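Contents: one structure, followed by commentary.
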Amino acid sequence: MRIGELAEVTGTSARALRHYERAGLLSSERAPNGYRVYDERAVARVRNIRHLLAAGLVLDDVRVFLPCLDGDVTAAPPSDQGLRVARERLAVLDERLATQARVRDRLAAALRESTADRGRREA
C-alpha cells in the first residue's frame with residue numbers, strides 16, 4: 001500500500017509516517033516511480049507506535065518496543081527494558097507536572113496579591 005493509503009487506514013498523516021520511517025520505526029520499499037510502498041504489517045506497526053506515543057512515550061522510547069511493534073503491543077508481556085523506559089518517562093512527566101503546578105501556584109498567588117492590593121487602594 002502507498003503512504004496515503006497507510007495514512008488513511010491508520011488515521012496518521014503522511015508526514016508522521018515519514019517521520020517514523022526516518023526514526024527507524026517503520027520501513028518501506030520504493031516502487032519504480034519512487035513512491036513508498038508498505039506491506040500490510042505496517043498497519044499494526046503504526047497503530048502500535050501511535051498507541052505508545054499516546055501513552056506518553058517519545059519516539060526514542062518507542063525504539064525499545066521494536067521487537068513487538070508488529071503484534072499486539074497491549075497484550076504482550078512487558079519486558080524489563082520496556083518497564084524501565086516507561087518508568088523513566090513517567091518520572092519525567094511527573095517532574096513536568098510538578099514544575100507546572102509550582103508555576104501555577106506562583107501565578108495564582110500573584111493574582112490574589114494583586115487583587116488584594118487593588119481592593120485596599122479602592123477602599
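The values are calculated or read from the model by the stated rules, or taken from the named source; none is laboratory data. Predicted model, so just to flag it, every value in this text is computed and none were measured. Don't worry about glycine lacking a Cβ; one is built from the backbone with ideal geometry, like all the others, and counts go over all protein chains shown.
Of all the residues that make up region 75-86, how many are without any contact (Cβ under 8 Å) to a residue 24 or more places away in the chain and surrounded by 10 or more Cβ atoms within 10 Å (Cβ to Cβ)?
Number of matching residues: 7.
Hey, among Arg22, Arg36, which residue is loosely packed, with under 15 Cβ neighbours inside 10 Å and either outside the structural domain of Ala7 (by TED's automatic domain parsing) or closer than 23 Å to Ala7 by Cβ (or both)? Break it down into steps so the answer makes sense when it comes.
Working: Arg36 fails: loosely packed, with under 15 Cβ neighbours inside 10 Å.
None of the other options fit; the residue is Arg22.
Any chance region 55-75 includes a residue that's of a type in the set (A, V, I, L, M), within 11 Å of the chain's Cα centre (by Cα) and farther than 16 Å from Leu25 by Cα?
First, the residues of region 55-75 that are of a type in the set (A, V, I, L, M): 55, 57-59, 62, 64, 66, 69, 73, 75.
Still in the running and within 11 Å of the chain's Cα centre (by Cα): 55, 57-59, 62.
Among the residues that remain, those that are also farther than 16 Å from Leu25 by Cα are: 55.
Yes, that holds for at least one residue.
Only one residue in Arg112, Arg118, Arg89, Arg106 is part of a helix (DSSP H, G or I) and surrounded by 12 or more Cβ atoms within 10 Å (Cβ to Cβ), so which one is that? Let's see the steps before the verdict.
Details: Arg112 fails: surrounded by 12 or more Cβ atoms within 10 Å (Cβ to Cβ); Arg118 fails: surrounded by 12 or more Cβ atoms within 10 Å (Cβ to Cβ); Arg106 fails: surrounded by 12 or more Cβ atoms within 10 Å (Cβ to Cβ).
On inspection, the qualifying residue turns out to be Arg89.
Kindly list, by first and then second residue, each pair from a residue in region 89-102 that is closer than 12 Å to Gly56 by Cα to a residue that is not aromatic (Phe, Trp, Tyr), limited to pairs with Cβ atoms under 7 Å and residues at least 6 apart or on different chains.
Arg89/Gly56; Arg89/Leu57; Arg89/Asp61; Leu93/Gly56
Any residue that is closer than 28 Å to Leu17 by Cβ, under 20 Å from the mean Cα position of the chain (by Cα) and of a type outside the set (S, T, N, Q) - is there at least one of those in region 93-103?
Scanning region 93-103 turns up at least one residue that is closer than 28 Å to Leu17 by Cβ, under 20 Å from the mean Cα position of the chain (by Cα) and of a type outside the set (S, T, N, Q).
Within region 24-51, take every residue that is of a type in the set (A, V, I, L, M) and modelled with pLDDT of 95 or more and give me the one that is farthest from Ala76 (Cα to Cα).
Looking at the filtered set, the residue picked out is Val37.
Only one of Val64, Val73 is part of a loop (DSSP other than H, G, I, E, B) and modelled with pLDDT under 95. Can you tell me which? Lay out the reasoning, then the answer.
Values: Val64 fails: part of a loop (DSSP other than H, G, I, E, B).
Matching residue, one of Val64, Val73: Val73.
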